[in-house]
1. Per-residue accessible area for Thr31 at 1.4 Å probe radius, Å² rounded to 10?
2. In degrees from 0 to 90, rounded to the nearest 10, what is the angle of the helix 46-55 Cα long axis to the longest principal axis of the chain?
3. Given the whole protein assembly as supplied and a 1.4 Å probe, what does the accessible area of Arg54 come to in Å², nearest 10?
4. Given a 1.4 angstrom probe, I'd like the percentage of the accessible area of segment 55-111 that is carbon and sulfur, rounded to a whole number.
5. Among His89, His35, what's the order by accessible area (1.4 angstrom probe), most exposed first?
6. Let me know the volume per residue of the alpha-carbon convex hull for segment 51-90, in Å³.
7. Calculate, for the chain, the solvent-accessible area per residue in square angstrom, rolling a 1.4 angstrom probe over the heavy atoms of the protein chains.
8. Any chance you could run the full-extension gain for Ile106 through Ala12? It's 0.36 nm times the residue separation minus the Cα-Cα distance, nm to one decimal.
Amino acid sequence: RRLLQRLLEDPAPTVLATGGGCVLDPDNRQTLRAHGGLVVYLRAPAAVLEKRLRADGGGRPSLTGTAIADEVPHLLAMRDPLYREVAQHVIDAACEPLAVADELTIIVENS
């Protein structure tokens, strides 16, 4: 919480990837709404996220102690409304990375 606040107090232009758990804290959500600037939620369906995690080769430990197939849909269902609560824009991140970057560029240029 303190790190998020400190990072957002810095006046320098910053791209900050908070990580999924950041939005679980109501104070963090309030900080993002009040001081987060342009907040974009890169949303992907659970199946896409599962595939990406499997391709990662086990670099990310389980957060719940359950299998990826159980964990990802559960966490996404819990977090999706919280991400949407703080984001001004939602991008379909299931697309190719260049398409996501193009859409993000348009959003930034129009903000």
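The values are calculated or read from the model by the stated rules, or taken from the named source; none is laboratory data. Bear in mind that the values here come from a model prediction, so they are computed numbers and not experimental data. No Cβ is skipped: glycine too gets one built from the backbone with ideal geometry, and neighbour counts run over all protein chains shown. Just the protein is used for accessible areas: all its heavy atoms, side chains included, with ligands, DNA and RNA removed. Shrake-Rupley method; radii C 1.70, N 1.55, O 1.52, S 1.80 Å.
1. Around 20 Å² of this residue is reachable by solvent.
2. So the inclination is approximately 80 degrees.
3. Roll a 1.4 Å probe over it and Arg54 shows about 140 Å².
4. On the way: 2190 of 3710 Å².
The nonpolar share, carbon plus sulfur, comes to 59 percent.
5. On the way: His89 65, His35 125 Å².
Largest to smallest exposure gives the sequence His35, His89.
6. Values: hull volume 3.6 nm³, N = 40.
Normalising the Cα hull of segment 51-90 by residue number yields 89 Å³.
7. Numbers: 7440 Å² over 111 residues.
Value for the chain: 67 Å² per residue.
8. Values: separation 94, 0.36 × 94 = 33.84 nm, distance 2.09 nm.
31.7 nm is the gain from fully extending Ile106 to Ala12.
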